[in-house]
Amino acid sequence: MKHLYILRHAKSSLPHAKQEDFDRPLTAKGQTDAQVLGERLDRRALRTDCIMASTARRALATARLIAREIRFRQEDIIGERDLYLAALPTLLTIIKKVDDSKQALILVGHNPGLTDLANHLCEHQVDSLPPCGLLCLSMRTKSWQEISEGVGHFEFFDYPSHSTFS
C-alpha cells in the first residue's frame, strides 16, 4: 500500500514587480501555519519515506517546516524543479518515477495542479486546496507506476484553520 500526501505550500507573500514569483517567501502566518500542520501530523505519528517539493522558495520552506516537525531529515528533501506550477500530467509523471521502495510520499507544490491531482486520484472532491492544505490518500498499489484515475482512497484532509480529525 502506498500513501500520498498532497500538500500545497503555506501562505506566501504577494507578488511584486521587483521579485520573481518563484522567489516569493512564506509570510509569518505561512510559517506558523506550516509549523501547526507539522505538529498535527506529528501527533498523528505521520512518517514518510520521501518528501518531494517544488524548488520555489515558498514550497521548499513549507517542506522544511513540515519535515522538522515530523522529524524527517532536511537534507533528504528532494527539490524537484518540474513541480513548480506543474499541471496534472506533469505531476503524474513525477509521482510515477518515485522509487517503489518508498511507501509514503509527501508532495509539496502549487495550485491549481495539486487540486487537479487530488480530484483525479480520489472520489473525494476538493474545491481548492487552501494554503498549507494537505490531503492524504491511500492506494492499494505496489508500484507508484500504477497510480491512475480513481485509485486513491480518502484518508483525511487538513489545513491550519480546520481539521477533519482531532
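Quick notes
- Residue pairs whose Cβ atoms lie under 9 Å apart, sitting 6 or more positions apart in sequence or on different chains, and linking a residue in region 68-79 that is among the basic types (Lys, Arg) to a partner that is in a helix (DSSP H, G or I) and surrounded by 15 or more Cβ atoms within 10 Å (Cβ to Cβ), are Arg68/Gln35; Arg68/Gly38; Arg71/Asp42; Arg73/Ala67.
- Test: Leu85 is surrounded by fewer than 20 Cβ atoms within 10 Å (Cβ to Cβ), outside any helix (DSSP H, G or I), aliphatic (A, V, I, L, M) and modelled with pLDDT of 95 or more: yes
- When Leu37 is tested against (1) assigned to a strand (DSSP E or B); (2) out of contact with any Leu (no Cβ under 6 Å at 6 or more places or on another chain); (3) closer than 17 Å to Pro130 by Cα, just one condition goes unmet, and that condition is (1).
- Residues of region 139-150 that are crowded, with 17+ Cβ neighbours inside 10 Å and of a type outside the set (Val, Ile, Thr): Met139, Trp144.
- Counting the residues of region 53-82 that are touching a helix residue (DSSP H, G or I) at 6+ places or on another chain (Cβ under 9 Å) and either in a helix (DSSP H, G or I) or basic (Lys, Arg) (or both) gives 17.
- From the list Leu14, Leu41, Leu4, Leu46, the lone residue that is free of Cβ contacts under 8 Å to residues at least 24 places away in the same chain and of a type in the set (A, V, I, L, M, F, W, C) is Leu14.
- Check on Leu88, touching a residue at least 60 places away in the same chain (Cβ under 8 Å) and closer than 22 Å to Phe154 by Cβ: no
- Looking across His120, His153, His124, one residue alone is in contact with a strand residue (DSSP E or B) (Cβ under 8 Å, 6 or more places away or on another chain), surrounded by fewer than 19 Cβ atoms within 10 Å (Cβ to Cβ) and outside any strand (DSSP E or B). It is His124.
- In region 14-33, residue surrounded by the fewest Cβ atoms within 10 Å (Cβ to Cβ) [restricted to those that are assigned to a loop (DSSP other than H, G, I, E, B) and under 19 Å from the mean Cα position of the chain (by Cα)]: Pro25
The values are calculated or read from the model by the stated rules, or taken from the named source; none is laboratory data. All values derive from a computational prediction rather than experimental measurement. We place every Cβ from the backbone using ideal geometry, glycine too, and count neighbours over all the protein chains shown.
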